[in-house]
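Structure first, then comments.
The values are calculated or read from the model by the stated rules, or taken from the named source; none is laboratory data. The structure presented is a predicted model; accordingly, all values stated were derived computationally and were not measured. Ideal geometry is used to build each Cβ from the backbone, glycine not excepted, and the neighbour counts take in all protein chains shown.
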Amino acid sequence: MPPVQFDSEFISIYQEHFIPAYANVVTAYADKPQEIILELESAFTHIMTAEIGNNPAENMEKARGHLYRATLDCYKFMWLKITSVIDDAYVHRDAYKSSEKELLVGYDEYKAALNAAREFELSSIGKTDRNMGVLNKWRDAVTKGKEVYDKIDVKKLNRLIKWATRNGLKFWLYSLAVCVLGGLIVLTVDKFF
């Protein structure tokens, strides 16, 4: 029996999309998300089932679908990570490495690219011939987000978030103390009058 044949689209998804996207996710999260690992396991199972001769064409198509979904999950995990940092930086604008205008323009372009990717993905549901187009749109959107992300000083951003949290807590405690003290003064004054 001849070995399983991988077509050019399968190889393209793996080499051009999955490998770099998965490397970025593992680096960004310092972990391997379970959803992606499950898709890879399913793809591998279909490849091996095809290799032993059980409906090779059908199993290779299913393997391609799992690889596609694993890759799309990688892009979406990166989308979540990048957007989280960019949104925090939007609030703490002192964390920008570049001008605020440049960052805001990049942010708007990133959001537009995300919307375009999502709309294209939704219009492509059930149309497997558009899978590569969906991956290309998501890759472009995540790349745009990475460009914006690279203009943020993440260490400074984390310090600003800690500072804001600490000062917010201090303000809340001072406010509580003033309210309690005010209440005690009112009770004390009320007793004498």
For the condition surrounded by fewer than 15 Cβ atoms within 10 Å (Cβ to Cβ), of a type in the set (D, E, K, R) and at pLDDT 90 or above, what is the one hit in Asp87, Asp108, Asp73?
Asp108
Filter the stretch 111-153 for residues that are exposed (fewer than 14 other Cβ atoms within 10 Å of the Cβ) and hydrophobic (A, V, I, L, M, F, W, C); the one that is farthest from the chain's Cα centre (by Cα) is Ile125
Yes/no for Asp73 being over 24 Å from Met132 (Cβ atoms), charged (D, E, K, R), in a helix (DSSP H, G or I) and within 20 Å of the chain's Cα centre (by Cα)
no
Of the conditions (1) at pLDDT below 90; (2) assigned to a helix (DSSP H, G or I), Trp138 fails just one. Which one is it?
(1)
Considering only residues that are crowded, with 17+ Cβ neighbours inside 10 Å and modelled with pLDDT under 80, look in the stretch 91-105 and name the one that is farthest from Asp150 (Cα to Cα).
His92
Exactly one of (1) assigned to a helix (DSSP H, G or I); (2) more than 22 Å from the chain's Cα centre (by Cα); (3) surrounded by 15 or more Cβ atoms within 10 Å (Cβ to Cβ) is unmet by Val4. Its number?
(1)
Hey, does the stretch 47-62 have a residue that's closer than 30 Å to Leu157 by Cβ and surrounded by 18 or more Cβ atoms within 10 Å (Cβ to Cβ)?
no
